[in-house]
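Visitor: Here it is, the structure in full.
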Amino acid sequence: MADTDSFLHLARPLGPAPVGAQPSTAPLSVVIQPQAVFSILDHSLRRNQDQERVIGTLLGVRSEDGTEVEIRNCYAVPHTETAEQVEVDMDYQKQMLALHLRANPREVLVGWYATSAELNTFSALIQNFYGQQGDGTWPHPAVHLTVSTVPGKEIEARTYISAPIGVTAERAADSCLFIPVPYEIKYGEADKSGLELIAGAKDREDRTQGMLTDIEALERAIEQVLEMLERVSNYVSNVLDEETEPSSALGQFLLNALSLAPKVNPEDIERDFNNHIQDVLVVAYLSNTIRTQIDLSNRLATAALTLGTGDALGGDDKQKGGDRRQNKGNRGQNNRNQQQEA
Amino acid sequence: MADAVKEPSLRAVQIEALVVMKIIKHSSQSFPTTATGSLLGMDVNGTLQVTNCFPFPTIDAPAQDGHQQDSSSNVAAAAPRAKANTAYQNEMIKYLREVNVDAQNVGWYTSTSMGNFVNLNTIENQYFYQKEMNERTVALVHDVSRTSQGSLSLRAYRLSPAFMTAYKEGKFNTESLQKSGLRYQDILVELPLTIHNSHLLTSLLHQLPSQPPKEELKFPPNLAALNHDLNTSEPPLFPNFESLDLSIDPFLEKTCDLLLESIENHHTELNNHQYYQRSLAREQAKITAWQQKRKAENLARAASKQPLLPEDEYQRLFKLPTEPSRLEVLLNSRQIEQYARQVDGFTATVDAKMFAVKNNLHPGE
């Protein structure tokens, strides 16, 4: 996501601390998982027509010392906002939190999100509600994530924590200091293949993408690699023709990459390759045969009686089928053993 | 649905990217325990649009020994049809409706490993959904171990109408199977699945990962600078270069193991059946012997003008063994088919990769 403005994040004590409890300066960094952002965007699309922004609760995990927060999940909370006042359905928030915690006992309340980049008095009010003692995130400050969803502009996310600021007692509830904190969008290994498929639809008119089979995915990856190789070799030949400016660093990098190719004896490759490919092919062949056998066995099981020859024959047929499959199973086993040796 | 008009049956399933990510998160978090949850969405002209989902709560049993883990996994797998979860689901839907989420249950999802999902639990869950909730529900099956291999494996299944009626009657003996013509291939119907992104999401995806800088860059002064250059873009999300990975044996091996296990099961079932048939034949032989004896006796009695003995008394004397249900065999066969297809699809890519490697390392052949 575009990170338009840079800022310096200094860890410093936040505001006046009440006796006995030292509010921490954490979190210092925030990690956002993609599904939380997806969920926020979905909520933003489903807002009521007259609503400028919608808010919701962020759930996640906090590292032991509290310096790092990972936002894993979130849910929408209905609220109404007018020029004079803001209403957040606190009962809804509580019930929903309880429901979510039943399914994900490890996640805790970490903060809230809003779908506009604006910070105003109401933001401070809601922020203080989320950061309060009791139901809130106390003693950690609540994390506030804003995701701007203005059509035609890039989606921008910001994360803040807050500190109380010294104002008169009657204004304390609706004022606080938002301190920007750095964040990162991180996805795990498992998320990656999901994101791949989702990202596959990003350049398509209908924004849909069918499921890819393994071989299709492989084909696309290879095409992409070939394209990249093409670009690099174009660059290299341009350098050779003295059309492009050469760079020793790039040359070195390419050489390093090339030297990664292992040197192996051709006979060794031939032998290993043949052994392995035969194993793989046999496994494929056997699995197809097994499928046919199972089909046959099922057909025989239901067809035997219609011949009117009694049960004995049906039993015999199945017996044979079973034996044959058993043999096959053993062969499969041997074959796998071979593979393990190879 | 209570519509009197017969609507066309479901033809396709379209799921939002949000649902994909949520399912992946939930199932990879709880792996190797089965993760299950509920799907929300609506049905538009035969296409089921799944727009949101939420996980079912699970009981966190302490996973100390294998047995206990098994039982907690079973609890999770049975979650979709548990009474407590129906209440949970209704409550969740009630709350989600307030924030304009499609508040209609359209099915459930489950995680699996290596395509190992064709079992009684899945069938019972889907039966429960198709019967109790409404007819137009699907089961989304997410294969965690295959997804970690590089390509997402998410499939939508339904129970076929033929299987539904058979399961309702609860009869799976040879006779009923012959009558209904139900085959193991017909138990589950797979629906084509597409993923749909919202406009906002498309916009976000164009920013992820960060774009390469637009302006012309200077050449790095040395190698170290190049390696730490902030401007080098991260690998794109699509296509995924993980699928070029060459470690192939573990997957193949695991599938073979599972395949063999299924074959063993199949064999056991067949043995059970044979045992039944042998005992049936034995009983029938006994009955025939008894009938002949009674007939001879009656002949003798007729000759001596005595009242005849009833000839249908054998029904009380002998009890025919009941036929074991063929449901297990059917499911097992379907599971074997699943594995076999998996192997088939997998070896196709393996072959391609291996030939590529060979030609690369051994040019000039």
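The values are calculated or read from the model by the stated rules, or taken from the named source; none is laboratory data. Note that this is a predicted model, so its numbers are computed, not measured. Note that we place each Cβ from the backbone using ideal geometry, even for glycine, and neighbour counts take in every protein chain shown. Remember, those area values only see protein heavy atoms, side chains included, never the ligands or the DNA or RNA. Shrake-Rupley method; radii C 1.70, N 1.55, O 1.52, S 1.80 Å.
Visitor: Filtering the range A:78-128 down to residues that are acidic (Asp, Glu) and open to solvent by 20 Å² or more (accessible area, probe 1.4 Å), which residue is farthest from the chain's Cα centre (by Cα)?
Guide: A:Glu84
Visitor: Answer yes or no: is there a residue in the range A:219-231 that is open to solvent by less than 60 Å² (accessible area, probe 1.4 Å), within 8 Å of chain B (Cβ to nearest Cβ) and within 22 Å of the chain's Cα centre (by Cα). Explain how you work it out, then say what you get.
Guide: Of all residues in the range A:219-231, those open to solvent by less than 60 Å² (accessible area, probe 1.4 Å) come to A:221, A:224-225.
Next, from what is left, pick out any that are within 8 Å of chain B (Cβ to nearest Cβ): A:221, A:224-225.
Still in the list and also within 22 Å of the chain's Cα centre (by Cα): A:221.
Yes, the range A:219-231 contains at least one residue that is open to solvent by less than 60 Å² (accessible area, probe 1.4 Å), within 8 Å of chain B (Cβ to nearest Cβ) and within 22 Å of the chain's Cα centre (by Cα).
Visitor: How many residues does the range B:319-340 hold that are loosely packed, with under 15 Cβ neighbours inside 10 Å and touching a Ser or Thr at 6+ places or on another chain (Cβ under 8 Å)?
Guide: Number satisfying all stated conditions: 1.
Visitor: Still on this model: Testing A:Arg291 on (1) at the interface with chain B (Cβ under 7 Å from one of its Cβ atoms); (2) assigned to a helix (DSSP H, G or I); (3) under 18 Å from B:Leu246 (Cβ atoms), one condition comes back false. Which one is that?
Guide: Tallying (1) at the interface with chain B (Cβ under 7 Å from one of its Cβ atoms); (2) assigned to a helix (DSSP H, G or I); (3) under 18 Å from B:Leu246 (Cβ atoms), A:Arg291 fails exactly one: (3).
Visitor: Next question, about the same structure. Can you find a residue that is within 14 Å of another protein chain (Cβ to nearest Cβ), assigned to a helix (DSSP H, G or I) and open to solvent by less than 40 Å² (accessible area, probe 1.4 Å) anywhere in the range B:356-365?
Guide: yes
Visitor: Among the residues of the range B:39-81, what is the count of those that are open to solvent by 10 Å² or more (accessible area, probe 1.4 Å), more than 14 Å from chain A (Cβ to nearest Cβ) and modelled with pLDDT of 65 or more?
Guide: Selection size over the range B:39-81: 5.
Visitor: May I pose another question? Here are the criteria: (1) more than 11 Å from every other protein chain (Cβ to nearest Cβ); (2) within 16 Å of A:Ala301 (Cβ to Cβ). Tell me which single one B:Leu270 does not satisfy.
Guide: (1)
Visitor: Take B:Arg316 and tell me if it is more than 10 Å from chain A (Cβ to nearest Cβ), open to solvent by 30 Å² or more (accessible area, probe 1.4 Å) and within 30 Å of B:Phe172 (Cβ to Cβ).
Guide: yes
Visitor: Here is a list: A:Glu64, A:Glu107, A:Glu84, A:Glu68. Which entry is modelled with pLDDT of 85 or more and charged (D, E, K, R)?
Guide: That would be A:Glu107, the only listed residue that is modelled with pLDDT of 85 or more and charged (D, E, K, R).
Visitor: Just name the residue that is surrounded by the fewest Cβ atoms within 10 Å (Cβ to Cβ) out of those in the range B:294-311 that are among the charged types (D, E, K, R) and in a helix (DSSP H, G or I).
Guide: B:Lys295
Visitor: Can you pull out every residue in the range A:204-217 that is open to solvent by 10 Å² or more (accessible area, probe 1.4 Å) and either touching a Leu at 6+ places or on another chain (Cβ under 9 Å) or at the interface with another protein chain (Cβ under 7 Å from one of its Cβ atoms) (or both)?
Guide: Within the range A:204-217, A:Arg207, A:Thr208, A:Gly210, A:Met211, A:Leu212, A:Thr213, A:Asp214, A:Ile215 meet the criteria.
Visitor: Hey, A:Asn327 hits all of (1) at pLDDT below 80; (2) more than 8 Å from every other protein chain (Cβ to nearest Cβ); (3) more than 24 Å from B:Tyr339 (Cα to Cα) but one; which does it fall short on?
Guide: The failed condition is (3).
Visitor: When only residues in the range B:273-293 that are touching a residue at least 40 places away in the same chain (Cβ under 8 Å) and either at positive phi or surrounded by 14 or more Cβ atoms within 10 Å (Cβ to Cβ) (or both) count, which is nearest to the chain's Cα centre (by Cα)?
Guide: Checked the range B:273-293; the qualifying residue nearest to the chain's Cα centre (by Cα) is B:His273.
Visitor: Here is a follow-up. Looking only at residues in the range B:168-197 that are part of a loop (DSSP other than H, G, I, E, B) and open to solvent by 20 Å² or more (accessible area, probe 1.4 Å), which one is nearest to B:Gln274 (Cα to Cα)?
Guide: B:Asn173
Visitor: Being farther than 18 Å from A:Thr80 by Cα and either at pLDDT below 80 or in a loop (DSSP other than H, G, I, E, B) (or both), is that true of even one residue in the range A:112-124?
Guide: No, the range A:112-124 contains no residue that is farther than 18 Å from A:Thr80 by Cα and either at pLDDT below 80 or in a loop (DSSP other than H, G, I, E, B) (or both).
Visitor: So which strands (runs of 3 or more DSSP E) are wholly in the range A:67-107 and hold at least 2 residues that are of a type in the set (Asp, Glu) and in the same structural domain as A:His43 (by TED's automatic domain parsing)?
Guide: Output list reads A:68-77.
Visitor: Follow-up. Looking at A:Asn256, A:Asn238, can you tell me which residue is open to solvent by less than 60 Å² (accessible area, probe 1.4 Å), modelled with pLDDT of 80 or more and within 17 Å of B:Phe219 (Cβ to Cβ)?
Guide: The conditions single out A:Asn238.
Yes or no, residue by residue, for (1) away from every other protein chain (no Cβ under 11 Å); (2) at pLDDT below 75; (3) in contact with an Asp or Glu (Cβ under 8 Å, 6 or more places away or on another chain); (4) part of a loop (DSSP other than H, G, I, E, B):
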| site | (1), (2), (3), (4) |
| --- | --- |
| A:Trp138 | yes, yes, no, yes |
| A:Pro141 | yes, no, no, yes |
| A:Leu145 | yes, no, no, no |
| A:Val150 | no, no, no, yes |
| A:Glu154 | no, no, no, yes |
| A:Ser162 | yes, no, no, no |
| A:Phe178 | yes, no, no, no |
| A:Lys192 | no, no, yes, no |
| A:Leu197 | no, no, no, no |
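Visitor: Okay, moving on. Against the condition open to solvent by less than 20 Å² (accessible area, probe 1.4 Å) and either over 30 Å from A:Ser259 (Cα atoms) or among the small types (Gly, Ala, Ser) (or both), how does B:Ser262 come out, does it pass?
Guide: Details: open to solvent by less than 20 Å² (accessible area, probe 1.4 Å): yes; either over 30 Å from A:Ser259 (Cα atoms) or among the small types (Gly, Ala, Ser) (or both): yes.
Yes.
Residue-wise test of (1) facing chain A (nearest Cβ under 9 Å); (2) open to solvent by less than 60 Å² (accessible area, probe 1.4 Å); (3) part of a helix (DSSP H, G or I).
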{"site": "B:Asn116", "(1), (2), (3)": "no, no, no"}
{"site": "B:Thr122", "(1), (2), (3)": "no, yes, yes"}
{"site": "B:Asn125", "(1), (2), (3)": "no, yes, yes"}
{"site": "B:Arg136", "(1), (2), (3)": "no, yes, no"}
{"site": "B:Thr165", "(1), (2), (3)": "no, no, yes"}
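Conditions (1) modelled with pLDDT under 85; (2) among the charged types (D, E, K, R); (3) under 23 Å from B:Ala340 (Cα atoms), marked per residue:
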{"position": "B:Asp102", "(1), (2), (3)": "yes, yes, no"}
{"position": "B:Val106", "(1), (2), (3)": "no, no, no"}
{"position": "B:Asn121", "(1), (2), (3)": "yes, no, yes"}
{"position": "B:Lys131", "(1), (2), (3)": "yes, yes, no"}
{"position": "B:Glu135", "(1), (2), (3)": "yes, yes, no"}
